[in-house]
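Encoded as structure tokens, the structure appears first; notes follow it.
The values are calculated or read from the model by the stated rules, or taken from the named source; none is laboratory data. As the structure is a prediction and not an experimental result, all values here were calculated from the model. Positions of Cβ are backbone-derived with ideal geometry, glycine not excepted, and every protein chain shown enters the neighbour counts. With ligands, DNA and RNA removed, areas are computed over all heavy atoms of the protein, side chains included. Shrake-Rupley method; radii C 1.70, N 1.55, O 1.52, S 1.80 Å.
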Amino acid sequence: MKKINVLSLFDGICTCMYSLIQAGFEVDNYYASEIEESSIQITRYNYPNVVQLGDVKAWESWNIDWAKIDLVVGGSPCQGFSYSGKRLNFNDPRSALFFTFVDILNHIKKFNPNVKFLLENVKMKKEWEAVITSFLGVSPTLINSSLVSAQNRQRLYTS
């Protein structure tokens, strides 16, 4: 099996790396964009070879070989979309980071048109979901996280 190169945006505690390993993938390079120091510390403890890139908003300064990225993953902040929040949608600067995900993905596609991606987010109003669909070119799949975890959460997965 070919080793893959992964770019994880809004990485959290590197659960994607864990999932890839559990699924039998071999990861050559794993680049993580995360700003929460406690999450970064957990990643460093569990996966010391993960390359920490810092804030996603500084992506244009990252020194990585964009052409070699095979998979882009991320769960852009959902506070603006959540039914339990203020529902500011893309007017919430955290949820507007979705557009940074799109910018990065489109940048990589210039060098590697075969790059794969997976975006996770909360269940949201259909009109906001339609915006995300229009930018990514595919509709999401609604999956309850209870299938794979102890959490009962409806999530949208776009790939």
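For the list (1) in contact (Cβ under 8 Å) with a residue 24 or more places away in the chain; (2) basic (Lys, Arg); (3) part of a helix (DSSP H, G or I), I need the number of the one condition that Lys109 fails. The single condition Lys109 does not satisfy is (1). For the stretch 85-106, which residues satisfy the criterion of being in contact with a Cys (Cβ under 9 Å, 6 or more places away or on another chain) and either within 18 Å of Tyr157 (Cα to Cα) or touching a residue at least 24 places away in the same chain (Cβ under 8 Å) (or both)? Residue satisfying the conditions is Ser95 alone. The set of residues in the stretch 60-87 that are within 14 Å of Asp11 (Cα to Cα) and either in contact with an Asp or Glu (Cβ under 6 Å, 6 or more places away or on another chain) or in a helix (DSSP H, G or I) (or both) contains only Gly75. When the residues of the stretch 27-51 are filtered to those that are under 20 Å from Ile104 (Cα atoms) and touching a Phe, Trp or Tyr at 6+ places or on another chain (Cβ under 8 Å), the one that is surrounded by the fewest Cβ atoms within 10 Å (Cβ to Cβ) is Val51.
Quick one: in the stretch 54-79, which of the residues that are without any contact (Cβ under 8 Å) to a residue 40 or more places away in the chain and open to solvent by less than 40 Å² (accessible area, probe 1.4 Å) is nearest to the chain's Cα centre (by Cα)? So, considering only residues that are without any contact (Cβ under 8 Å) to a residue 40 or more places away in the chain and open to solvent by less than 40 Å² (accessible area, probe 1.4 Å), the one nearest to the chain's Cα centre (by Cα) is Gly54.
When you scan the stretch 133-147, do you find a residue that is farther than 29 Å from Asn63 by Cα and in contact (Cβ under 8 Å) with a residue 40 or more places away in the chain, even just one? Within the stretch 133-147, none of the residues are farther than 29 Å from Asn63 by Cα and in contact (Cβ under 8 Å) with a residue 40 or more places away in the chain.
Restricting the stretch 82-99 to residues that are open to solvent by less than 100 Å² (accessible area, probe 1.4 Å) and under 16 Å from the mean Cα position of the chain (by Cα) leaves a set whose member that is modelled with the highest pLDDT is Phe99. Across the stretch 14-26, a minimum of one residue is classified as surrounded by 12 or more Cβ atoms within 10 Å (Cβ to Cβ), touching a residue at least 12 places away in the same chain (Cβ under 8 Å) and assigned to a loop (DSSP other than H, G, I, E, B).
Every residue in the stretch 1-13 that is part of a loop (DSSP other than H, G, I, E, B) and crowded, with 22+ Cβ neighbours inside 10 Å, please. Working first, answer last.
Looking only at the stretch 1-13, we keep the residues that are part of a loop (DSSP other than H, G, I, E, B), and these are 1-3, 10-13.
Of everything in the stretch 1-13, those that are part of a loop (DSSP other than H, G, I, E, B) and crowded, with 22+ Cβ neighbours inside 10 Å turn out to be Phe10, Asp11.
For the stretch 113-138, give me the residue count where each residue is in contact with a helix residue (DSSP H, G or I) (Cβ under 6 Å, 6 or more places away or on another chain) and loosely packed, with under 13 Cβ neighbours inside 10 Å. The qualifying residues number 0.
Ser8 meets all of the listed conditions (1) of a type in the set (Gly, Ala, Ser); (2) more than 17 Å from the chain's Cα centre (by Cα); (3) at pLDDT 95 or above but one, namely (2).
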